[in-house]
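Just so you know, all these numbers are worked out from the coordinates, no wet-lab data involved. This one's a predicted model, so the numbers in the text were calculated from it and none came from an experiment. Neighbour counts are summed over all protein chains in view; Cβ atoms, including those assigned to glycine, are modelled from backbone coordinates with ideal geometry.
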Amino acid sequence: MIAREVAQRILGQLPSQLDEPGFVFAGIGGAGINVLKLVRERTALRKLAVDTDEYFLSLCGCQQQLDLSNPISRGKGTIGDVELGKSAALLHKEEIAESLEQDIILLAAGLGRGTGTGAAPVVASLAKEKGLPVLAFLIWPFKEERIVTKARRGLDALKPQCDALLILDNNAALEVDGVESHWEAANVVNDMMAHMVERLVEKVSTAFPFSIQDEIVDFVEELPAANEKFPLKAAELAIAPQSFEPIAMDARGLIELR
Ligand SMILES: Nc1nc2c(ncn2[C@@H]2O[C@H](COP(=O)(O)OP(=O)(O)OP(=O)(O)O)[C@@H](O)[C@H]2O)c(=O)[nH]1
Ligand SMILES: [Mg+2]
């Protein structure tokens, strides 16, 4: 049911005359870019790395980069300041909008610090202004970071700008067998998210134009299975704020969102 709704929302926004849908995958901030780096090159999408951290961007190896650092963070990232992340993105609105020349926009960001949390809603809203479907792949922070309030606010800002949101929880990854550190948990999440992005793009691109709706439905329905394979406890999918209805992939790990 939800899967079909996601598919319809996305399809409803694609132009009727389309050869094959093109994807942009924007990794925003450190976590988003780490996921972006893992998506295999043969995946049919255009990668875009967006950050306020000049040094991190210079190391990411991504061909297309948007450096939001000037003048606001002077190259150094926002050090957790969400308002700074937002202002940096607003100051680079035109460049961001120009870089979103595709049919479907995928975003990845970690919530709770400055750049991903502040800039992702701006990127999503610019895509929406162009009438493009936006799917956000988000990472929920570790409890120990004590940034849940900021993460939640970021999520609230993003929800109205996205057609679908999928959240993977770093805390859940800590409980995966064999994971012994926060670093390893973060990597489990990154791998799983990169895999999901690849899978979605592959499915939609191969099916087009015949059964794109079925493929998106399939992708959403497949998530619990993917979750079993990568035994994360919480992954959620939500559609639009009005009908925000998290699906618990595993009830034990459901993130409290309200
Ligand atoms: N799974 C995973 N989580 C990460 C990773 N890096 C950071 N995080 C999480 O994502 C949250 C946001 O961190 P970053 O993406 O580094 O922050 P940012 O958006 O670059 O913001 P600033 O550096 O403050 O400007 C963190 O609080 C972590 O919980 C990563 O590689 N993998
Ligand atoms: Mg950063």
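Considering only DSSP beta bridges whose two residues both sit in segment 45-147, what percent are antiparallel, to the nearest 5?
Values: 1 of 10 bridges.
Percent antiparallel among DSSP bridges in segment 45-147 is about 10.
Cross-link list LYS86/LYS130; LYS37/LYS143; LYS86/LYS128; LYS37/LYS93: which exceed 22 angstrom alpha carbon to alpha carbon?
Going by Cα-Cα distance, LYS37/LYS143; LYS37/LYS93 fall outside the 22 Å limit.
Mind running the shape call on segment 1-114? Use the C-alpha gyration tensor, a ≥ b ≥ c as the square roots of the eigenvalues: rounded below 1.5 for a/c, prolate if a/b tops b/c, oblate otherwise.
Judged from the Cα gyration tensor, segment 1-114 comes out prolate (a/c at least 1.5, a/b above b/c).
For segment 100-213, just say rounded, prolate or oblate: build the C-alpha gyration tensor, square-root its eigenvalues into a ≥ b ≥ c, call rounded for a/c under 1.5, and beyond that prolate if a/b exceeds b/c, oblate if not.
Taking the square roots of the gyration eigenvalues as a ≥ b ≥ c, segment 100-213 is oblate.
Note down the relative contact order for segment 1-65 as a percent, whole number, built from C-alpha pairs under 8 angstrom at least six residues apart.
In percent, rounded to a whole number, it is 27.
Which of CYS62, CYS162 has the fewest other C-beta atoms within 10 Å, and how do the rest follow up to the most? Don't skip to the answer; put the middle values down first.
Details: CYS62 17, CYS162 27.
The order, fewest Cβ neighbours first, is CYS62, CYS162.
Of ARG199, ARG113, ARG146, how do they rank once you tally other Cβ atoms within 10 Å and put the fewest first?
Listing ARG199, ARG113, ARG146 from fewest to most nearby Cβ atoms yields ARG146, ARG199, ARG113.
Which order results if THR117, THR43 are arranged by neighbouring Cβ count within 10 Å, fewest first?
So the ranking, lowest neighbour count to highest, is THR43, THR117.
Using Cα-Cα distances under 8 Å and only pairs 6 or more residues apart, what relative contact order does segment 112-199 have, in percent?
Normalised by residue count, the contact order of segment 112-199 is 30 percent.
Output the relative contact order of segment 65-138, whole-number percent, from Cα pairs under 8 angstrom with separation of 6+ residues. Intermediate values should be presented prior to the final figure.
Details: 115 pairs, mean separation 26.0, N = 74.
Computed over segment 65-138, the figure is 35 percent.
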